[in-house]
Amino acid sequence: MQKKICVVGLGYIGLPTAVTFANHGVRVHGVDVNEKAVEMIQNKQLHIEENGLQERLDKAIDEGYLTASTKPVEADVFIIAVPSPINPDKTANLEYVRAATASVVPYLKKGNLVVLESTVPPKTVENVMLPELIKANLELGLELFVSHSPERVIPGKIFEELIKNDRIVGGINEKSSLLTKELYETFVKGQIHITDATTAELVKVMENTYRDVNIAFANELAKIAETMDVNVWEAIKFANFHPRVNIHFPGPGVGGHCIAVDPWFLVELSPEAKIIELARKTNDGMPAYTAQKTSQILQEAKKTSGKIAVLGLAFKGNVDDMRESPSTDVIEELQKLGLEVVSYDPHIKTNTHPTQTQSLQEATSAADVILVLTDHNEFKELQPTSILDNVATPIVFDTKNCLQRDVWEQAGFVFNTLGDSKNKNLN
């Protein structure tokens, strides 16, 4: 008999996962507490932006393989893909995971499989999920099977990576792992690696923490380069020609639901996470550093105050995801310095930030600095002559090394790049 899957959480991971299963002939019921999101999905409308999602959603619903509501239903498999953010004190907020787990308990029956996809601190399955799941009065590992299989995809390429990437599966016992492996073999073409649940939890957090530490290293290099007449982007490019070196790139901060969050899970769990904590604080300090650099650029232009046109609110290029975006922190730091800020992001179609406008011309009108915080293609392709007459002072500060310096300088802009005191053009 064909399995039925219930996916709890229809956000950036849950909805693409549900749609992918549905497109492979599996009956899927999606659940979300956001009534507006559910209504939009039912009407084949998107509440998130992701390449290829619209046509895949249309196909899933039109063929009758995907339904959605605010309540779970009985199924053979339950996949939990809900947020796992951090609290203001940097501790893990696992209430969404706990509540989602509790929500499926009334629908569980013998032989069911529950899979957690959310990225979580090690021991979350054991300490948060299992205490809820035992309320189903089913013997764990014999009548009810439980696993963790963390998503490992990047926004903008989710469907490609869901299928091609290797996957980690960690069950509470061997049967749980094997059932989960069989489940994802429905569409995964990469290797599926089996381990235990706690190891799987740690693996995903390790992957993101590695990247965060690497970015912190790059940000420190950027600061160092600015004191010694070196372009850090050029230096990193040359260093990465070494076969065993892979230095990431600097930026105005680190955002997203994973890299900016997951390292704190390890800091909370162990006093030994000293390098991890320092790296996280280094990256969290980049918005203030970026704001100070912007103020310095203004002062070099003999201006004591001014208007900053922020280009980019999403945490990465070509997506509409603002979760943990450093742009919001940069804006806050700029405002603390007494600077006026207007922000623009072509991928975020409704004004979600108080400084936001839907008009590039309005954002750049009478601006003293064009501050690029996100490397959207729209900004890479922006012709500086189209806004030259609109700005008050032709200055640009590119924190992502994504603009063509020669084009902007030929148009008459003073060009600044994060981590580059030489003002050399590398594009």
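Using the structure shown, decide if Ile134 is open to solvent by 10 Å² or more (accessible area, probe 1.4 Å), assigned to a helix (DSSP H, G or I) and either of a type in the set (A, V, I, L, M) or modelled with pLDDT under 95 (or both).
Values: open to solvent by 10 Å² or more (accessible area, probe 1.4 Å): yes; assigned to a helix (DSSP H, G or I): yes; either of a type in the set (A, V, I, L, M) or modelled with pLDDT under 95 (or both): yes.
Criteria met by Ile134.
Tally the residues that are part of a loop (DSSP other than H, G, I, E, B) and open to solvent by 30 Å² or more (accessible area, probe 1.4 Å), restricting the search to the range 139-166. Spell out how you get there, then give the answer.
Step one: list which residues in the range 139-166 are part of a loop (DSSP other than H, G, I, E, B), which gives 139, 141-143, 149-157, 165-166.
Then keep just the ones that are open to solvent by 30 Å² or more (accessible area, probe 1.4 Å); that gives 139, 142-143, 152, 154, 157, 165-166.
Residues meeting the conditions: 8.
Quickly run through the range 373-390 and pick out the residues that are outside any helix (DSSP H, G or I), surrounded by fewer than 20 Cβ atoms within 10 Å (Cβ to Cβ) and touching a Cys at 6+ places or on another chain (Cβ under 6 Å).
none
Give the residue, chosen from Lys90, Lys109, Lys59, that is in contact with a helix residue (DSSP H, G or I) (Cβ under 9 Å, 6 or more places away or on another chain), under 21 Å from Ala22 (Cα atoms), among the charged types (D, E, K, R) and surrounded by fewer than 20 Cβ atoms within 10 Å (Cβ to Cβ).
Lys59
Show the residue pairs meeting these rules: Cβ distance below 6 Å; 6+ apart or different chains; first residue within the range 319-338 and modelled with pLDDT under 95; second residue crowded, with 19+ Cβ neighbours inside 10 Å and of a type in the set (Lys, Arg).
none
Could you tell me whether any residue of the range 69-81 is of a type in the set (Gly, Ala, Ser) and either over 22 Å from the mean Cα position of the chain (by Cα) or more than 29 Å from Leu144 (Cβ to Cβ) (or both)?
For the range 69-81, residues of a type in the set (Gly, Ala, Ser) and either over 22 Å from the mean Cα position of the chain (by Cα) or more than 29 Å from Leu144 (Cβ to Cβ) (or both): present.
Take the residues of the range 330-350 that are in contact with a strand residue (DSSP E or B) (Cβ under 7 Å, 6 or more places away or on another chain) and among the polar types (S, T, N, Q): which is farthest from Asp284 (Cα to Cα)?
Ser343
Filter the range 21-56 for residues that are in a helix (DSSP H, G or I) and open to solvent by less than 10 Å² (accessible area, probe 1.4 Å); which is nearest to Thr350 (Cα to Cα)? Spell out the reasoning first.
From the range 21-56, those in a helix (DSSP H, G or I) are 21-23, 35-42, 53-56; that's our starting set.
Then keep just the ones that are open to solvent by less than 10 Å² (accessible area, probe 1.4 Å); that gives 21-22, 37-38, 41, 53.
Working: Phe21: 30, Ala22: 30, Ala37: 15, Val38: 19, Ile41: 18, Leu53: 19 Å.
Selected residue: Ala37.
The values are calculated or read from the model by the stated rules, or taken from the named source; none is laboratory data. Predicted, not measured: the structure shown is a model, and the values here were computed from it. Neighbour counts run over all protein chains shown; Cβ positions are idealised from the backbone, glycine included. Remember, those area values only see protein heavy atoms, side chains included, never the ligands or the DNA or RNA. Shrake-Rupley method; radii C 1.70, N 1.55, O 1.52, S 1.80 Å.
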